[in-house]
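**Student:** Below is one structure. I have some questions about it.
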Amino acid sequence: MKLLSFGYTDVGFVRESNEDSFLVSDEKGIYAVADGLGGLPHGSLASRMAVQFFDAMIANADVCHTESELENVVKGIHRFLIENGEKVAGEDGIGTTLTVLRSAGDKVLMGHVGDSAAFVLNGNGLQKLSKDHTLEQEILDKLKPGESIEEQDLPEYYHHTLTRCLGQNTDFSVDLCEHSLSVGDRLLICSDGITNMIETEELEKLCLASDDPKVCAMGIVDMANQYGGVDNSTAVCVFAT
């Protein structure tokens, strides 16, 4: 099985700078999207440091094939950002989301912190592998069976306030999962500039729009911009062929 990938990012129409970063390496089998925290300085630096350090820590395709190994890598990036963040940004430090995929034979490992997202598209449709680490999701997780809450009933800032990120001295854990991978499956990692603008049903159609991951990644980002481009948008498409 061979993996073909493409990543694409755009600043959008509202933000002054692009604080998203991404990594694609079919040779190593590693893929990542990071979104620097807009409420802290140097968001673009934080996201760039995260994906570059991830690339550096996975030296080749023969390492990091278990969830525990991937967890150690992500936690190492977290420590690196904490140790170096104050040097460039003072006591507030820097912060970023990070969602990574690591292919390992006929499976893919995910490591996730923040509100970027990872999806897999197969015969069961488009499935989200990650869960957003936001105040909104925290409230939803606490609902009892049968309870519900309307999105508009929550304060607006709940939707984008993170409960976990890299680079800040917060209670920290990495969401991990392992998913089997078959020929024909498609993977997507994207920033919240995509998921906040495009519904899952339409995102699935965009992932199926072409057999070329470049066409799909660029089409996803373009659609987010068509819907207003209010945030930076990044999409990494990985196709198993």
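**Student:** As a check on your grasp of the helix formula, calculate [θ] at 222 nm for the chain: sum -39500 (n - 2.57) over DSSP H runs of n ≥ 4, divide by the residue count, round to the nearest 500.
**Tutor:** -9000 deg cm²/dmol
**Student:** Summarise the long-distance tail of P(r) for the chain by giving the % of C-alpha pairs beyond 31 Å.
**Tutor:** Roughly 18 percent, once rounded to a whole number.
**Student:** Can I ask one more? Could you work out the relative contact order of the range 171-241? I mean the mean sequence separation of Cα pairs under 8 Å and 6+ apart, divided by the number of residues, in percent.
**Tutor:** Relative CO of the range 171-241 lands at 48 percent.
**Student:** Length gain on complete extension for the stretch residue 128 to residue 178, per 0.36 nm per residue less the alpha carbon to alpha carbon distance?
**Tutor:** Here the answer is 16.7 nm.
**Student:** On a C-alpha basis, how far is the centre of the range 185-241 from the centre of the range 22-94 in Å? Whole number, if you could?
**Tutor:** The distance from the Cα centre of the range 185-241 to that of the range 22-94 comes to 22 Å.
**Student:** Filter the trypsin sites (Lys or Arg not before Pro) in the range 141-207 down to the DSSP loop ones having no more than 12 other Cβ atoms within 10 Å, then list what survives.
**Tutor:** Hits after loop and neighbour filter: 142.
**Student:** Between residue 214 and residue 153, with labels modelled 7 Å along Cα→Cβ, what's the label distance in nm to one decimal, could you check?
**Tutor:** Placing both labels 7 Å along Cα→Cβ, they lie 4.9 nm apart.
**Student:** In percent, what relative contact order does the chain have, based on Cα pairs under 8 Å that are 6 or more apart in sequence?
**Tutor:** About 29 percent, as a whole number.
**Student:** Could you state the per residue volume, in Å³, of the convex hull enclosing the Cα atoms of the range 141-241?
**Tutor:** 171 Å³
Here, each number is a calculation from the coordinates, and none is a lab measurement. No experiment lies behind these values; they were computed from the predicted model shown. No Cβ is skipped: glycine too gets one built from the backbone with ideal geometry, and neighbour counts run over all protein chains shown.
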